[in-house]
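The next block holds one structure in the form of structure tokens; read it before the comments.
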Amino acid sequence: MRRFEAPWGTAEVYAAEPVPPELRTLARDLAPLGPRFRPALLRFRIGEGRRAPYAAVWPPDRPVPRLTGGGPLTAGEARDLVFAEVQRLTCRVCGTTVRGVYPGGALGGGDRAASAHRPVDGCAACGSSFAASRVQALAVLPPAASGP
């Protein structure tokens, strides 16, 4: 696990070592997506130190830093890193619902970081574009991980 400090708080980004109980489901769901998608526990400075599970996502054309040992993630290692949540997304054309890794607002590197990623734009079930389906995510979880 390595830490990342940001103005909003601290992120603990996990590799393969045991994760805290609140990250177990997320870690299992993200595993099929590969090493760019890592479970992270965010600790916010406001809200009495509220903790929340997020996915730490690196762009596809950047190497994922070593997440075991070492000190906090450097600015270079965290470049274009975004934090995302797993959310249910429903196609407005065919009604198919999937679970997608959806960027978590202003967490991470902002618009510049978001533009470094290649989102899924559209519904894989019916082929509708994002404009029609409103389905967009950094990745769609495989059906086996799309349970309740």
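Only the coordinates and a few stated rules stand behind these numbers; no lab work does. Here the structure is a predicted model, which is why all the values come from computation and not from measurement. Note that each Cβ is placed from the backbone with ideal geometry, even for glycine, and that neighbours are counted across all protein chains shown.
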From the backbone phi of the stretch 66-73, what are the Karplus-calculated ³J(HN,Hα) couplings (6.51 cos²θ - 1.76 cosθ + 1.60, θ = phi - 60°) in whole Hz, Gly and Pro given as x? 5, 10, 10, x, x, x, x, 4
Determine the relative contact order of the chain: mean sequence separation of Cα pairs under 8 Å and six or more apart, normalised by residue count, in whole percent. 20 percent
T90 to D121: FRET efficiency via 1/(1 + (r/R0)^6), r the Cβ-Cβ distance, R0 22 Å, to the nearest 0.05? 0.90
Provide the three semi-axes, in whole Å and in decreasing order, of the ellipsoid equivalent to the chain as defined by the square roots of 5 times the Cα gyration tensor eigenvalues. 26, 16, 15
Using eta = 1.306 mPa s and T = 10 °C, Stokes-Einstein with Kirkwood Rh from Cα pairs puts D for the stretch 42-82, in µm² s⁻¹, at 132 µm²/s
In the stretch 1-96, the trypsin sites (Lys or Arg not before Pro) that fall in loop regions by DSSP, at most 14 other Cβ within 10 Å: R45, R50, R66, R92
Rg from C-alpha atoms of the stretch 1-66, normalised by the globular rule of thumb 2.2 N^0.38 Å, equals 1.10
